[in-house]
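The values are calculated or read from the model by the stated rules, or taken from the named source; none is laboratory data. This one's a predicted model, so the numbers in the text were calculated from it and none came from an experiment. We place every Cβ from the backbone using ideal geometry, glycine too, and count neighbours over all the protein chains shown.
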Amino acid sequence: MRKETCSNRHLILESRFWRAAAVMMPLLFSAVPAAQAQAIGGHMGFVLPLVTNTSGQTTTLADGFSIGFPVGITVKGKGRFAFDMELVPQIQDSPRKVSLTFHPGGLWGIGHGFAVGVRAAFDVNSSQFGFTPLLHKGWPIGKEDGFFKAYFVEADLPVRFNRPPVGFATNAVTFAMHFGVGF
């Protein structure tokens, strides 16, 4: 009976998640219509998850090395809002695994090269999903005609909900630093 209850609970959570995703995706993708787009750009870099707390257990980058390589496309509108969609392949050393996160979100410029934002997080082929609030600081590179326009550093706070079909549900909060260049 217990296995059936866990399975039913998983189906209900999964159903609620997909309904919420179905509502949020059109809103995210329609945030800046193509006719209003002022600039289209992108970024690439690397992200290091420095400290993670999962169900009361804290681990650091030294406990098990992990690195991600975010690649993103940004569509900026007339105001301070920009829609940003990242794909983040992540490599973990122990236990050895490679994962991919689909990471759409929005950024709001707050002046002096700073932006705040939040991204939805969907881990591909995983029972894990969540969101990532962030604080972004960028600096222009200076060459107007160069390919790379800016370099940046970003403080991320990924929050993930792991809801496996069998086993215990866990919630993880990580502090990560993201470094990269924008084009």
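Considering (1) modelled with pLDDT of 95 or more; (2) outside any strand (DSSP E or B); (3) not acidic (D, E), the lone condition that G106 does not fulfil carries the number (2).
Filter segment 146-160 for residues that are in a strand (DSSP E or B) and under 21 Å from I67 (Cβ atoms) and give the result.
Within segment 146-160, Y151, F152, V153, E154, A155, D156, V159, R160 meet the criteria.
For V173, the conditions (1) modelled with pLDDT of 95 or more; (2) more than 18 Å from the chain's Cα centre (by Cα) all hold with the exception of (2).
Mind checking whether some residue in segment 112-119 is of a type in the set (V, I, T), at pLDDT below 95 and more than 17 Å from R160 (Cα to Cα)?
no
If you filter segment 127-145 down to residues that are part of a strand (DSSP E or B) and not hydrophobic (A, V, I, L, M, F, W, C), you find that the one that is nearest to the chain's Cα centre (by Cα) is T132.
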